[in-house]
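Input: a single structure, listed below in structure tokens.
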Amino acid sequence: MRVPSFACWLTLASAAGIPGASSLAWAQGPALSIRGGDVSSLPKAEDKGGRWRDGKGEVRDALSILQGAGVNTIRLKVWLEPADGYNDKARVVALAKRVKALGMKLLVDFHYSDAWADPGKQVKPRSWRGLTLERLRKAVYDHTFDVLSALKAQGTPADLVQIGNEINDGMLWEEGRASKSWPGLAQLLNAGADAAKAVSPATQVVMHLADGGKNDLYRWWFDAARTHQVRYDVIGLSYYPIWHGDLAALRANLNDVAARYGKPVLVVETGYPFTTADADGHANLVSTREPLAGYPATPAGQASLLRAVMAAVRAVPSGRGLGVVYWEPTWTAVPGAGWDPADAKSGNAYENQALFDYEGRALPALQVLGAP
Ligand code: CA
């Protein structure tokens with residue numbers, strides 16, 4: 001799509017000594033080292049009969065289709081005791097083997113919960129209820145160490161690890177609720193970070209908030225993290241345009257936090273619809289015709305939005321724009337593979353933001369995601 005044609009022209013133009021070519025290349029920024037997809041829902045969808053087709057319409061292994069498009073990183077979430085068993089340690093370890101066999105990097109996303117954790121809910125795992133802060137700290141360390149050790153033991157160590165998911169107001173409420181107890185949250189985060197580094201010092205530790213365009217939130221959070229000496233390597237952001245501000249807000253926040261804290265930035269979740277239509281009778285989260293002005297909910301609009309998000313990260317000064325991970329590109333509507341791990345009849349509210357259409361065929365945005 002854009003990148004091959006434009007980047008190839010730059011290379012040729014620079015070699016030919018065309019004036020302005022190298023400064024254009026500079027403005028373009030360095031290649032993104034992480035071009036990823038979170039495919040946490042994939043094993044369940046595969047078990048329930050999901051099928052994914054490449055651009056030619058051939059049914060193939062979904063991970064191979066992603067890898068073939070240039071996707072080089074896979075993000076997987078970990079739950080402790082999910083109702084349906086998916087996304088637990090054993091499943092993550094099994095899927096990691098397939099990821100690494102394809103030569104892709106692995107980002108492990110610890111939710112420290114039995115189900116979804118996000119800014120609105122950070123529910124402790126059932127088996128951790130009633131623990132004191134000190135016991136919780138140990139539980140975070142042990143669980144993190146346990147999962148990451150299992151990955152390392154089979155020769156598939158995590159390249160990046162998220163300690164918590166969308167922790168705007170902390171995690172493991174109430175002990176780790178940021179607005180009530182930053183010192184408590186900092187202890188829990190450092191327990192996870194220390195466990196990750198104990199397994200493998202090379203693993204990059206990510207702290208992840210939602211609302212990627214909300215600079216006041218990021219400053220509040222990461223200033224406090226600095227005050228409380230939270231140890232991390234990378235700032236992770238979710239950016240969903242319909243909720244998290246426009247692209248200018250995203251750019252401003254990325255540039256500000258990268259410079260202010262001297263850390264690389266990584267969009268660990270983004271998504272955008274390619275259609276307003278619903279495939280499975282379960283209403284979709286985003287169904288407006290143009291969720292962000294200038295980007296219609298069409299295959300071309302989805303590709304264009306993703307291209308813009310990637311350009312925003314690429315343009316972060318000093319090479320601090322690490323990359324972009326698309327959220328659930330393979331989560332098509334497959335009966336039995338809905339959102340609720342406790343309800344086999346639950347539907348999918350996101351299939352119109354996948355990177356495969358309702359026939360399971362790869363969309364143009366997948367090629368955008370894979371291009372450096
Ligand atoms: Ca739906």
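The values are calculated or read from the model by the stated rules, or taken from the named source; none is laboratory data. Just so we're clear, the structure is a prediction, and the values are computed from it rather than from any experiment. Glycine gets a Cβ as well: all are built from the backbone with ideal geometry, and neighbour counts include every protein chain shown. Areas reflect the complete protein model, heavy atoms only, side chains present, ligands, DNA and RNA absent. Shrake-Rupley method; radii C 1.70, N 1.55, O 1.52, S 1.80 Å.
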**Item:** Amide proton proximity set for Val78, modelled H, under 5 Å, gap of 5+
**Value:** Asp109, Phe110, His111
**Asked** HN-Hα J couplings of the stretch 88-94 from phi, Karplus 6.51/-1.76/1.60, θ = phi - 60°, integer Hz, Gly and Pro as x?
**Response** 7, 4, 4, 5, 5, 4, 5
**Complete:** Over 28 Å (Cα to Cα) among Lys44/Lys180; Lys121/Lys152; Lys124/Lys345; Lys89/Lys197 -> Lys44/Lys180; Lys121/Lys152
**Request:** Among the trypsin sites (Lys or Arg not before Pro) in the stretch 274-343, which ones are in a DSSP loop with at most 15 other Cβ atoms within 10 Å of the Cβ? Mind listing them?
**Result:** Arg289
**Item:** Rel. contact order, % - alpha carbon contacts under 8 angstrom, at least six apart, the stretch 223-365
**Value:** 25
**Prompt:** What whole number of Å gives the distance from the Cα centroid of the stretch 197-246 to the Cα centroid of the stretch 337-370?
**Reply:** 26
**Asked** If you plug each phi of the stretch 154-165 into the Karplus form 6.51 cos²θ - 1.76 cosθ + 1.60 with θ = phi - 60°, what whole-Hz ³J(HN,Hα) values come out, in order, with x for Gly and Pro?
**Response** 8, x, 10, x, 6, 7, 9, 9, 9, 8, x, 10
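Of the accessible area of the stretch 240-372, with the probe set at 1.4 angstrom, what percent is carbon plus sulfur? All intermediate terms of the calculation are to be shown ahead of the outcome.
On the way: 2560 of 4720 Å².
Percent of accessible area from carbon and sulfur atoms in the stretch 240-372: 54.
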**Item:** Anisotropy class of the chain from Cα gyration tensor, a/c 1.5 cut
**Value:** oblate
**Reach of Lys100 by Cα under 17 Å, taken over aspartates and glutamates that are not fewer than 8 positions away in the same chain** = Asp38, Asp61, Asp109, Asp159
**Euclidean distance of C-alpha centroids, the stretch 49-75 and the stretch 121-168, integer Å** = 29
**Prompt:** Share of the stretch 19-137's accessible area from carbon and sulfur, percent, 1.4 Å?
**Reply:** 52
**Message:** Probe of 1.4 angstrom, ligands and nucleic acids ignored: what's the accessible area per residue over the stretch 256-312, in square angstrom?
**Reply:** 37
